[in-house]
Amino acid sequence: MKKALFLFGVLFSIVVVAVLVLRHIDDYADFWRMRETPGVRPHEEPLLIMKTGVVPVSDSEAMLRASKAEDLKSPLNLKDPAEIEAGKKLYFNFCFMCHGPNHDGKGTVGQSFSPLPTDLRSAKVQGLPVGVHFKEISYGVPDGRQPALATTIPVLDRWRIVAYVQSLGIRK
């Protein structure tokens with residue numbers, strides 16, 4: 001019995017010493033601890049209170065999404081040949097696969113859809129306001145196959161695609 005009690009005392013002492021040593025290492029060692037790296041120190045600095053008017057609200061994605069399509073106006077000159085040419089390159093980058101080289105919805109991917117993607121040279125499409133084109137490119141077409149491309153294509157590039165589509169005119 002004395003031997004077991006002595007053994008228990010020694011083991012208990014070893015555990016207590018080990019815990020104290022590990023706590024000391026944990027509190028004072030500057031190595032091998034993720035929480036001790038200089039890059040991870042959450043909430044060390046107080047958050048700054050922003051002054052009114054500091055955060056831009058115009059031309060933000062949220063403002064564009066909330067706007068009525070008819071009220072949207074392009075920041076670019078949609079008749080500028082350079083913008084139309086840039087829009088053409090973007091069309092062949094992002095839209096060509098579905099709408100096709102003839103803009104008729106018979107692209108490599110588009111021809112497998114039923115119904116086909118919209119003919120971009122139809123009188124219906126060409127008669128839409130530019131804001132409607134922009135919103136449909138940006139946020140998709142309700143009940144349609146047009147994907148939302150707002151997170152894929154920057155705002156000005158979406159307007160350039162609109163310029164290109166508008167420049168196509170009505171199919172004869």
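The values are calculated or read from the model by the stated rules, or taken from the named source; none is laboratory data. This one's a predicted model, so the numbers in the text were calculated from it and none came from an experiment. All Cβ positions, even for glycine, are placed from backbone atoms using ideal geometry, and neighbour counts span all protein chains on display.
For the stretch 58-72, enumerate the residues that are touching a residue at least 12 places away in the same chain (Cβ under 8 Å) and within 16 Å of Thr151 (Cα to Cα).
Keep residues of the stretch 58-72 that are touching a residue at least 12 places away in the same chain (Cβ under 8 Å), which gives 59, 61, 64-65, 67-72.
Hits for the stretch 58-72 are Asp59, Glu61, Leu64, Arg65.
Any chance you could count how many residues in the stretch 147-172 are touching a Phe, Trp or Tyr at 6+ places or on another chain (Cβ under 9 Å) and not in a helix (DSSP H, G or I)?
5
Any idea which of Phe31, Phe12 is modelled with pLDDT under 90 and more than 30 Å from the chain's Cα centre (by Cα)?
Details: Phe12 fails: modelled with pLDDT under 90.
Only one candidate qualifies: Phe31.
Can you tell me how many residues in the stretch 156-172 are of a type outside the set (Phe, Trp, Tyr) and in contact with a Ser or Thr (Cβ under 8 Å, 6 or more places away or on another chain)? Write out each step before concluding.
Initially, the stretch 156-172 is screened for residues of a type outside the set (Phe, Trp, Tyr), giving 156-158, 160-163, 165-172.
Next cut, in contact with a Ser or Thr (Cβ under 8 Å, 6 or more places away or on another chain) only: 158, 162-163, 170-171.
Residues flagged as of a type outside the set (Phe, Trp, Tyr) and in contact with a Ser or Thr (Cβ under 8 Å, 6 or more places away or on another chain) within the stretch 156-172 amount to 5.
Looking at (1) at pLDDT below 90; (2) in a loop (DSSP other than H, G, I, E, B), find the lone condition where Ala4 falls short.
(2)
Take Pro75 and decide whether it is part of a loop (DSSP other than H, G, I, E, B), free of Cβ contacts under 8 Å to residues at least 12 places away in the same chain and surrounded by fewer than 12 Cβ atoms within 10 Å (Cβ to Cβ). Working first, answer last.
Values: part of a loop (DSSP other than H, G, I, E, B): yes; free of Cβ contacts under 8 Å to residues at least 12 places away in the same chain: no; surrounded by fewer than 12 Cβ atoms within 10 Å (Cβ to Cβ): yes.
Judged against the criteria, Pro75 is not a match.
So Cys98 clears everything in (1) out of contact with any Pro (no Cβ under 8 Å at 6 or more places or on another chain); (2) without any contact (Cβ under 8 Å) to a residue 60 or more places away in the chain; (3) not hydroxyl-bearing (Ser, Thr, Tyr) except one condition, right? Which one?
Exception for Cys98: condition (1).
Could you pull out the residue among Val109, Val130 that is surrounded by fewer than 17 Cβ atoms within 10 Å (Cβ to Cβ) and touching a residue at least 12 places away in the same chain (Cβ under 8 Å)? First the steps, then the outcome.
Numbers: Val130 fails: surrounded by fewer than 17 Cβ atoms within 10 Å (Cβ to Cβ).
The unique qualifying residue is Val109.
Inside the stretch 82-112, can you point out the residues that are hydrophobic (A, V, I, L, M, F, W, C) and under 26 Å from the mean Cα position of the chain (by Cα)?
Just the residues of the stretch 82-112 that are hydrophobic (A, V, I, L, M, F, W, C), to begin with: 82, 84, 86, 90, 92, 94-98, 109.
Within the stretch 82-112, Ile84, Ala86, Leu90, Phe92, Phe94, Cys95, Phe96, Met97, Cys98, Val109 meet the criteria.
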